[in-house]
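This report concerns only the one structure given below.
Just so it is clear, none of the values below were taken in a lab; they were calculated from the coordinates. Note that the structure is a prediction, hence the values are computed from the model and not measured. Please note: Cβ atoms are built from the backbone with ideal geometry, for glycine as well, and neighbour counts cover all protein chains shown.
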Amino acid sequence: FPTVTSPCKILKCNSEFWAATSGSHHLGAEEAPEFCTALRAYAHCTRRTARTCRGDLAYHSAVHGIDDLMVQHNCSKDGPTSQPRLRTLPPGDSQERSDSPEICHYEKSFHKHSAAPNYTHCGLFGDPHLRTFTDTFQTCKVQGAWPLIDNNYLNVQVTNTPVLPGSSATATSKLTIIFKSFQECVDQKVYQAEMDELPAAFVDGSKNGGDKHGANSLKITEKVSGQHIEIQAKYIGTTIVVRQVGRYLTFAVRMPEEVVNAVEDRDSQGLYLCLRGCPLNQQIDFQAVRSAQATEGRARRKGPSLPAPPEAFTYETATAKCREKLPVEDLYFQSCVFDLLTTGDVNFMLAAYYAFEDVKMLHSNKDKLHLYERTRVLTPGNAAPTGTRPTLWVALLCLCWLCLL
């Protein structure tokens with residue numbers, strides 16, 4: 001099947017520049033010419049992809065960043081553009097600064113308050129499945145670009161594309177995170193990832209919050225090359241995990257409630273999936289679809305059915321496969337089964353597994369790791385008690401009737 005990718009290659013330009021200049025942010029005079037050479041190559045790369053990057057936020061951020069670096073390092077725009085690998089600094093000599101002001105460390109500032117911060121979690125993975133800051137679990141369509149987070153400190157936007165041509169199944173193919181400039185702590189920074197491009201740096205090539213005094217309060221760490229990065233934003237007490245599993249991206253965040261709700265006007269605020277969930281018309285009735293999948297699986301054994309995905313998972317084989325990584329039959333397990341049946345891609349099993357691993361690491365309440373509730377918000381008048389089965393209510397009513405007799 002054709003790979004759905006953006007023709008804009010700005011992430012490739014960013015990666016090449018970072019590879020050429022890794023460890024060179026505190027330059028000696030003898031290294032400045034080599035840095036300028038790498039910078040000119042970076043500018044040349046952005047010009048080559050300019051036509052396909054119109055309107056791309058990461059591209060425009062990179063272009064402005066190049067101009068600033070040219071001026072800062074007195075680089076000429078004319079000259080060689082090869083990309084030599086610059087000397088890596090000795091261990092312990094990095095962009096980090098140990099003297100950040102207290103205001104740039106969210107948790108340290110809480111000695112002035114009566115209570116410790118209350119942390120919340122949001123995650124997006126698979127076809128796609130959303131766990132909101134309020135621990136609501138939804139399966140959504142949300143094709144195209146959608147905002148995950150939008151508050152006073154950062155914006156997160158995801159783009160979901162069809163997994164198979166003509167299929168309603170979608171998954172996250174692009175992710176953009178904007179960290180807004182904050183007092184003396186960090187400059188505005190943009191992180192962008194897409195299929196087959198999971199950079200270990202911001203779009204300007206840096207790995208921390210810039211030139212401000214508290215720059216080390218925002219940093220990127222590469223856990224597994226091309227597969228797993230972690231962003232620590234200590235100035236807002238936030239941790240973000242981004243993974244590429246197979247061809248698609250997963251997102252998980254741990255954020256204080258105070259930061260989650262830091263918006264100018266919450267009543268008039270637009271859609272914000274991690275806080276408000278998916279719109280009703282974008283939600284999938286997970287339980288109904290799962291029942292239909294099980295029924296179709298049984299029917300497939302009796303005779304011809306609709307064309308199956310490439311792997312041709314039956315309900316039974318999908319269940320067995322998911323149980324290998326997810327032994328507890330919670331909503332992460334059910335999501336795994338759902339995705340294997342709708343996509344036929346075994347990587348979606350790993351996406352569900354890693355999503356739950358991120359929950360274990362990021363969720364502050366270990367009693368709420370597993371979720372079993374319904375996944376669609378019911379309209380008033382049709383609502384049932386969360387997680388309660390009708391058969392249980394029938395049994396309780398019968399028991400009460402016997403007591404009365």
Study note, to complete from the structure: Rounded to the nearest 0.05, FRET efficiency between Lys368 and Arg48 (Cβ-Cβ, R0 45 Å) equals 0.40
Revision key, fill the gap. Simple SL model, points at 7 angstrom along Cα→Cβ for Asn347 and Asn281; separation in nm is 3.2 nm
Review point. With each pseudo-label sitting 7 Å past Cα toward Cβ, what's the Asp135-Val263 distance in nm, one decimal?
Key: 2.2 nm
Review point. Any idea how far apart Asp78 and Lys12 come out in nm if each label point goes 7 Å out from Cα toward Cβ?
Key: 2.9 nm
Exercise for review: Rank by packing, highest mean first: peptides 315-326, 120-131, 181-192, with packing defined as the count of other Cβ atoms within 10 Å averaged across residues.
Suggested key: 120-131, 181-192, 315-326
Review point. How long is the gain from Asp330 to Ser167 if the chain were fully straight, where each residue apart is worth 0.36 nm and the alpha carbon distance is subtracted?
Key: 56.1 nm
Study note, to complete from the structure: Relative contact order as a percentage, the range 102-280, C-alpha pairs under 8 Å and 6+ apart, gives 24 percent
